[in-house]
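The values are calculated or read from the model by the stated rules, or taken from the named source; none is laboratory data. Since the structure is predicted, the reported quantities are computational estimates derived from the model, not experimental observations. Every residue, glycine among them, receives a Cβ derived from its backbone with ideal geometry; neighbour counts consider all protein chains shown. In case anyone asks, the SASA skips ligands and DNA or RNA and just uses the protein heavy atoms, side chains included. Shrake-Rupley method; radii C 1.70, N 1.55, O 1.52, S 1.80 Å.
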Amino acid sequence: MVEQDVLAALDGLLWLRTGDAVAERLGISQPSVSRMARRYLRLFDIKGHKLDGEWDLIGNEPLLAAERRVHQIARWMGHRPLRLEATYWSGPLLCTPVPEGWTLGQCNIVGVQRNWELLRERIVDVWLTGRPDLPDTNDPDLTSLCLSHMPVHCLVGECHPLLNRPSLSFADLAAFPSLALPAKAYPEFEQALRKIGLWSSPVRMKRYQQQLWEGKTEQELTIGYGTALSLKLPGPAMHRLPLQLPIQSGEALVVRRDFAHKPQFQQLAQTLHTRLSQLAAELPEIEMLPLPFSGSSETAAAPPRPEPSGD
């Protein structure tokens, strides 16, 4: 087995994308990150290449998977900080300051597929994401724990013509472009919006960039989306349209099933639940869901995914 920091340097590049981001989290220099990553590639005869800015590996996948499993178990045993990824809104609002014992990612990965890959490949330990796009209840590897749910709103920028309408229907929105991501980035969300004529103007974005998302709503006549939570972020002035989208969002944690019972996971859930509850006190649209465990007993059962009624 290779040293933990050597594999951490390589997997850090896959997760965080840049040597500087990895160096900051490992507490080493950027040249050291590159040197350790190259060492691992040579040692196991693995090839690394970048595609659209993202690192990918080709080589001895079974051996790499075995190494990652051992290293992940070591993290859950407390030998290294656990790895937490989040969304662009939950990172700053709920994960700052970073919970004790955890390392936080860049909070900018777009879409469920890449985040699920990082969890399945044991590069990331937990992902704080938004509903409704969660792993299936019968997923063999991943499970989810919902912390809250909240409505999703259509958003427009200042002086948008729709703001002057005395009444609105979804048919009125069809005349304007609406933000979309590449197909299946968030499949359930996409399907719900397509049914009402939204999700029409695709943005190619693998990592969140404000100018490509909220910026398009601010500078153009594009319709965007947001929740009471995401609207807490600083940024362009967005106005809600008086229409209730037929979909619910909310915060949820995704973790490998074999670690859902761990005290560190339950403590993380409690910390984030407490922070979210404090925000919910001033944002009544956020409905908190009870946690299926109390305290930090390691004998607690792996939490099921609570599904609120009325979605």
Hey, among the residues in region 155-166 that are open to solvent by less than 80 Å² (accessible area, probe 1.4 Å) and either part of a strand (DSSP E or B) or out of contact with any Leu (no Cβ under 9 Å at 6 or more places or on another chain) (or both), which one's farthest from L243 (Cα to Cα)?
-> V156
Is it fair to say G101 is over 24 Å from I223 (Cα atoms) and within 14 Å of the chain's Cα centre (by Cα)?
-> no
Complete set of residues in region 54-113 that are charged (D, E, K, R) and in contact with a helix residue (DSSP H, G or I) (Cβ under 9 Å, 6 or more places away or on another chain) = E54, D56, E67, R68, R75, R80, R83, E85, E100
Specify which of the listed residues (A269, A260, A281, A252) is of a type in the set (G, A, S), over 21 Å from the mean Cα position of the chain (by Cα) and at pLDDT 95 or above.
-> A281
What number of residues within region 88-106 satisfy the criterion of being buried (at least 21 other Cβ atoms within 10 Å of the Cβ) and in contact with a strand residue (DSSP E or B) (Cβ under 6 Å, 6 or more places away or on another chain)?
-> 4
Mind listing whichever residues of region 235-279 are more than 28 Å from F170 (Cα to Cα), without any contact (Cβ under 8 Å) to a residue 60 or more places away in the chain and not in a helix (DSSP H, G or I)?
-> H261
Quick one: is A192 hydrophobic (A, V, I, L, M, F, W, C), at pLDDT 90 or above and either surrounded by 14 or more Cβ atoms within 10 Å (Cβ to Cβ) or closer than 26 Å to N108 by Cβ (or both)?
-> yes
Of all strands (runs of 3 or more DSSP E) fully inside region 1-103, the set with 1 or more residues that are touching a residue at least 40 places away in the same chain (Cβ under 8 Å) and not aliphatic (A, V, I, L, M) is 54-58, 82-86
Going by the conditions given, is A37 at pLDDT 90 or above and surrounded by 12 or more Cβ atoms within 10 Å (Cβ to Cβ)?
-> no
